[in-house]
1. May I ask you to list the residues in region 163-199 that are open to solvent by 40 Å² or more (accessible area, probe 1.4 Å), farther than 18 Å from Tyr145 by Cα and assigned to a helix (DSSP H, G or I)?
2. Residues of region 71-113 being open to solvent by 30 Å² or more (accessible area, probe 1.4 Å) and within 29 Å of Tyr214 (Cα to Cα), which ones?
3. Does Glu202 count as crowded, with 17+ Cβ neighbours inside 10 Å, assigned to a helix (DSSP H, G or I) and of a type in the set (D, E, K, R)?
4. Evaluate the following for Asp110: is it over 23 Å from Lys183 (Cβ atoms) and charged (D, E, K, R)?
5. Select the strands (runs of 3 or more DSSP E) contained entirely in region 1-114, then report the ones holding at least 1 residues which are in contact with a His (Cβ under 8 Å, 6 or more places away or on another chain).
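The values are calculated or read from the model by the stated rules, or taken from the named source; none is laboratory data. The structure presented is a predicted model; accordingly, all values stated were derived computationally and were not measured. Every residue, glycine as well, gets a Cβ built from its backbone with ideal geometry; the counts of neighbours run over all protein chains shown. Side chains are part of the model used for accessible areas, which takes the heavy atoms of the whole protein and leaves out ligands, DNA and RNA. Shrake-Rupley method; radii C 1.70, N 1.55, O 1.52, S 1.80 Å.
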Amino acid sequence: MKKVAVILSGSGVFDGAEVNEAVLTLLHIAKQGASYECFAPDIEQMHTINHLKGEESGDKRNVLEEAARITRGEVKPLTDLDSAEFDALILPGGFGVAKNFCDFAVKGADMTVNDQVLKVGKAFVEAKKPAGYMCISPVLLPHIYGKGVKVTIGNDGEVASAINKMGGEHVNCGVRDIVVDDKHQLVTTPAYMLAENLPDAEEGISKLVEKVLYMAA
């Protein structure tokens, strides 16, 4: 049975992992006959957003503890992730990626990446194992894979421009489709960068998971 490492950036679209993307990812990994294990960095979130009001609150929350809400407690610190134990890596999106995994939300193309996230991403590259990144998470990829990596976040001009400035090659893509970089064994999909409903997000995520698992053969 193929085994996939899934990294979450908290819980909640505006300050953590996009919950629908995370659940759909886990669902499709299981439906396609693979297993998964979830991880998150044991760090404080950049900030906390009241998702009902869309306003910042004064709460301090921990990324690992928040991710546990999605996984029913089944999540480990990112420092425990050993790429040798897995066949592939997948990162759901959510603004937690742009706030907790890196500082793209603040610095754009001048962003830096969390050391733990960068180390894990590069470990899968060096092991020549496939990976899937969705929603906003492809902003990490020029730092992880280097110049020329082909990715998509959909068709947002500002984010696409930042990716290109960092050395990536952004490819416009519809919400229900994927972009495959065969050279890097990498799959990306827009998910909720474009999705207006669950079926929109589900189709692209399903294709991403299927392709990543195929590459892991």
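1. Selection gives Tyr192, Met193, Leu198, Pro199.
2. The answer is Arg72, Gly73, Glu74, Lys76, Pro77, Thr79, Asp80, Asp82, Ala84, Glu85, Asp87, Phe95.
3. yes
4. In short, yes.
5. Fully inside region 1-114 and qualifying: 55-57.
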